[in-house]
1. Taking each residue of A:573-579 in turn, how many C-beta atoms of other protein chains fall within 10 Å of its C-beta, and what is the average?
2. What value does the range A:1-70 have for Rg/Rh, both radii from Cα atoms and Rh as Kirkwood defines it?
3. From other protein chains only, count the Cβ atoms within 10 Å of every residue's Cβ in A:83-92, then give the mean.
4. Rounded to the nearest 0.05, what FRET efficiency do A:Asn582 and A:Glu490 give with R0 = 56 Å and r taken as the Cβ-Cβ distance? Could you check?
5. Quick check: Cα centre of the range B:4-49 to Cα centre of the range A:401-421, how many Å?
6. Give me, ordered by chain and number, the residues 5 or more places off A:Val120 or on other chains with an amide H under 5 Å from its own placed amide H.
7. Work out Dmax and Rg for the range A:359-515 from the C-alpha atoms and quote the Rg first, both in angstrom.
8. Set the bar at 22 Å for Cα to Cα. Now go through B:Lys223/B:Lys326; A:Lys109/A:Lys335; A:Lys82/A:Lys481; A:Lys88/A:Lys552 and name every pair that lies beyond it.
Amino acid sequence: MAFDNKYHVIVVGAGHAGIEASLATSKLGFNTLLISSNVARIGYMSCNPSIGGLAKGHMVRELDVLGGEMGRAADLTCIQFKRLNSRKGPAVRGSRTQNDKELYAEHMKNVVLNTPNLTVEEAEVKSLLVESQSVVGVRVQDGSEVYADRVIITAGTFMNGVMHVGLKQSSGGRVGDKASVGLSNQMADLGFEVKRLKTGTPPRLFKDSINWDILKPEYGDRDFYPFSLRSKREWNLPQVACYLSRTSEKTHEIIRKNLKLSPMYCGIIEGVGPRYCPSIEDKITRFYDKDTHQTFLEPEGLNTDLIYLQGISTSLPEDVQLEFLRTIPGLENVKVARYGYAVEYDYFEPSQIWHTLETRLLKNLFLAGQINGTSGYEEAAIQGLLAGCNAARSLAGKSEFVLERDEAYAGVLVDDLVTKGTKEPYRMFTSRAEHRLVLREDNTLDRLAQRSVDLGLLSRESLDQLLEIKQKRQSLQERLKETKIYPDAEMQAKIANLGTPVLTKSISFEELLRRPEVNCLDLLGLGFELDKDPNVLEPVEISVKYSGYIKKQNDLIAQAKKLEELKLPQSMVYGQIKGLSNEEVEKLSRIKPRTLGQAKRISGVNPSAIQAIMIHLKAHQSVSSL
Amino acid sequence: MILQNRNELTICSVITPPGQGAVSVIRLSGKRAIEIIKKSFVFSSEIEANRAYYGKILNNRKQVVDHVLVTCFFAPKSFTGEDCVEVSCHGSPVICNEILSCFIENGARAAERGEFSFRAFMNGKMDLVQAEAIQALIKSKSIRAKDLALEMLEGRISKYLSAIEERLVFSIANLEASIDFSEENLEVIKRDELSSILGSILDKIAFLINGYQRGKAVFEGFKVGFFGKPNVGKSSLLNALLLEERVIVSSKAGTTRDIVKEQIVLNDYLISVLDTAGFRDSHDEVESLGIQKSRRALAACDLVIYVVDLLDNDLDEEFKNLPLEKTVFIGNKFDLFLNELKLDKEAAKENLIQRVLSQLKGLDSNNLESEEMRAFKNGLSERILVLSAKDALNSEDSGKETWIDLKNFISKALETKKPDEDALLSQARHFDNLSIAYNSCKNALELLEAKASFEFITIELMEALNQVQDTLGKRFDDEVLDRIFKEFCLGK
């Protein structure tokens, strides 16, 4: 094995989390070894060929401002772009790209292989090297040992992975890849709580075997809002359509008849699957009164002949899959390239990590991605970046990097995992963010620019570019507020032309823009000078139009902050606080919340407990102030 | 003293009212309650919970203080959730003090007002609404107030609020689903369906809010005022009420503005009698000032009693300002009427009805045919009492009868026609919270009708939900804690 013997950081796994983690530590100047069991599949999209979506798109933008790679890769390999919920309010719009899978992985691989300080090796990590409650390195399959000051594990669905197709099982983390056996067993022995989750993927179909003529094409948006502010606002690749079809009563009949052959329904699978992403077996069982379910046929790339059948994840036997697929319009003669399957894997109950993603049990060990119980590329990537940054910062003797819930979806994600744990694969939703209105895609830069400066992952050049956009937004906002419109006859005529009532007195451009029927570009015609860059216009327009709600949300944040400001000492002995139930004492002692606000979010900790803790705190304050 | 120690300590207090009585009860609560009682009381056998032991309380010099009954309750099955001891002794302040001194010498401390309930709340024995109910129960001054507090304690308001909470959660869940799963083609709630749910939530909250005036009146006293021309006998009636009813609860002026004269309990109701006598009678006063004062008083009244001289054919101009829905009429000076016209009470009443009706004709004709007006006319005979105030002051039987008539007439007028009195809001905190919740739901409904995007609607509904959960004590913020400290008289 051609390893050096010692690195600053070892990252285990080269999926979406591992890539961001290893790029972060190496860019921050630490010699990093990225170990993958299959180097050919660095950055591989194991499931759907798309990045982003509701709440997920938000995280990709956050990742981008902080200096992550996912947004860039998605922009460059985008073959269809959509802004979901575009007709709803600005906070719940989410960007999504369909991507060319091969090109996406190729991009990631190139970046990883060409980053200084970053070494990539193919190996399977069998165990951790542990000395007095600290991780000091890893041991790989041939027994050789590699030492490092920090280890980040991003093993995805590979740990003790078992794939199910019908009643057949095989060991593996993904079709074509071996499972990783040993690591999670060792960690369980070390005292980690290891549980099982399940996920699934739909069949991949051959493009040529589909009757496209009868299917309804769905095109992407005409306007492209790239994830990355560093990307150009134009397509890099030709844009393609997805196609819509539906299951029929016949499909459901076949599935129902064969349920006993589904591993989910005969008790073979013990792991909990995601409720929000049910298999087709689940859909027709739980929603038995629906006579049809929609499915999108999504191309996996420009040069591949594979089609991803969105919404039809299944683990029924192959012959049953083929039989029911052929009842779906357009698929009458379909040929299947790869059948759908379910995969069960080990994860670590995530309340075992701190907000830095370092484990509570072992020092210098960080966990990121699916092994923390999340699902989704985006959730994994942002954790990878945060774990990498925190590993690097702790090496540099810098403070923890923890995003707050009112600052980023990434903050919500980590806080939820650490505070509440999860029993099913955790996916981000906009409804998980209580401060949704201020966590918009459009204002990501404004929220996180300063954080990014502090982190230092982005190049000086890129940072300057971002800060310039931010500066332009601020100055536009100020000018709108300060510049007045004087309603002389000419101006009134122009205003009337916009289809909005004329003025009764002089108002600012900001006030005019607040009217629903007026948009930023209209102001040009009224003599207001504007830079037409949508990166500047859109966020400013949104913040003006929705200022009432944004203010309301900010007030709520200020209220909530009071509890977040009450820090709970790690040395707090919860058993001594009067009025807490045993369950509450157990949970609080295990999770050790950083603030009273976090304590409040722990499920099973009641309001009365929060009151009791507060009384306890006040009592101690009065002691210390005596 | 710091709170942490405070809560660790065992507390004691007399829990029956102060003063002489057959029996007084003293409660000890806290970790050391059993240990402390054992120092002063010898149990005949191993202590069992919820069993009364008869015996003597001895002080630390082994002198007998009193013969008592002692009952022990073990945590968490007690009022406070802690170990509790209740001692029933003879009802003398001297004995009570002596027993308390024993307990305090042996390590207990005197409880602060409300501290037992506070501990019960902290130990999860009751929710916030129920804790407040206990406070209200202790403070109730009339049977109706006590009933209301009991209903609160039994959780009827909580139940009502929970129903509102459930609908809010349902609405929010549906809205969130349509935001986060817009791609999935889900069959989430339709706008008009949601709008009817929001409508029903609004109705429910409005019902509670509207009950507050009455709920508050039940606790703080219904404001009753006598109005009418000079010399119709208002003062006599007022005096009759105040003189006859010996249970004067409070003569504290200024509890509800300076026009409250007296608080009395009349049948089951606590009543604040407004001093309206002087408004029109004083000729020194500038007339307009008197009228202004009188109008303000009319608006403040829960019940307006308009007094008429049966022999005086003109009702005065004040009549047109009367809030008819809360007005009843007393035809006074029946003795003179009887002498002069030789007609009985029925005739006098009929006569008065006709006069009121004819006055109504002088009013704005638009209102005359309204439903309320028709209801008023139909129920008019119920709203009229004929008497002579002079009799009511008379201590003989005829006087007693007149007095009872008057009392029943007033309490009947205070009865509500609505049968739904089981969820009357009486606490200012609940009213404040629900008023905010109401406005938020109203905003949500308006946004919905204006076709606003769902995430704005959820902001409003979340606010409403927060308020409802806050009322139930299901949600925590430090303002709630501040209120609790204030209400329970804790801290400095």
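1. 3
2. Using Cα coordinates only, the ratio equals 1.03.
3. Working: counts 0, 4, 8, 1, 2, 8, 7, 2, 5, 10.
The per-residue average across the peptide is 5.
4. Working: r = 76 Å, r/R0 = 1.36.
In this case the efficiency is close to 0.15.
5. The range B:4-49 and the range A:401-421 have Cα centres spaced 49 Å from each other.
6. When sequence neighbours closer than 5 places are left aside, the close amide H contacts are A:Leu34.
7. Using the Cα atoms of the range A:359-515, the pair Rg, Dmax is 22.3, 74 Å.
8. Distance filter (> 22 Å) returns A:Lys109/A:Lys335; A:Lys82/A:Lys481.
Values in this text are rule-based calculations from the coordinates and carry no lab data. Note that this is a predicted model, so its numbers are computed, not measured. Glycine also receives a Cβ, built like all others from the backbone with ideal geometry; neighbour counts cover every protein chain displayed.
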